[in-house]
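A.B. asks: Please see the structure below; I have some questions.
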Amino acid sequence: MTGGPDNLVSLARARKARTRAAQKAEADANALRFGRTRAERAADEARADQAAHRLDAHRRDIVDTPLDRPDTSPAANPPGHPPDRRTS
């Protein structure tokens with residue numbers, strides 16, 4: 001033996017330390033990929049709100065044409081007949 005009792009290494013501790021180091025490296029990689037500050041998240045949310053507002057501002061309304069409305073003229077509903085119950 002070249003070393004004394006000071007060089008003894010617990011295999012369980014070495015395995016746990018190696019596992020901890022691998023988990024830390026994975027956590028650091030995930031933090032770079034997914035971690036964002038509150039300000040960055042708020043800025044992204046504000047951009048999304050602006051984009052949604054801009055899209056809604058450019059939306060075209062449906063034109064209300066006579067074909068979309070029920071006919072309420074007297075000729076369409078002669079006396080003694082129930083009114084037309086079509087929905088618009």
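A.B. asks: Report whether or not ALA51 is modelled with pLDDT of 90 or more, surrounded by 10 or more Cβ atoms within 10 Å (Cβ to Cβ) and among the hydrophobic types (A, V, I, L, M, F, W, C).
C.D. replies: Taking the combined requirement at face value, the residue satisfies it.
A.B. asks: Among the listed residues ARG59, ARG36, ARG13, which satisfies the condition of being part of a loop (DSSP other than H, G, I, E, B) and surrounded by fewer than 10 Cβ atoms within 10 Å (Cβ to Cβ)?
C.D. replies: Answer to the selection: ARG59.
A.B. asks: Give me the pairs: first residue in the range 46-62 and in contact (Cβ under 8 Å) with a residue 60 or more places away in the chain, second residue assigned to a helix (DSSP H, G or I), beta-carbon distance under 8 Å, and six or more apart or on different chains, which are they?
C.D. replies: Here the result reads none, with nothing in the range 46-62 linked to a residue that is assigned to a helix (DSSP H, G or I).
The values are calculated or read from the model by the stated rules, or taken from the named source; none is laboratory data. None of these values were measured; they are calculated from a predicted model. In this analysis, Cβ positions are derived from the backbone assuming ideal geometry, glycine residues included, and neighbour counts consider all displayed protein chains.
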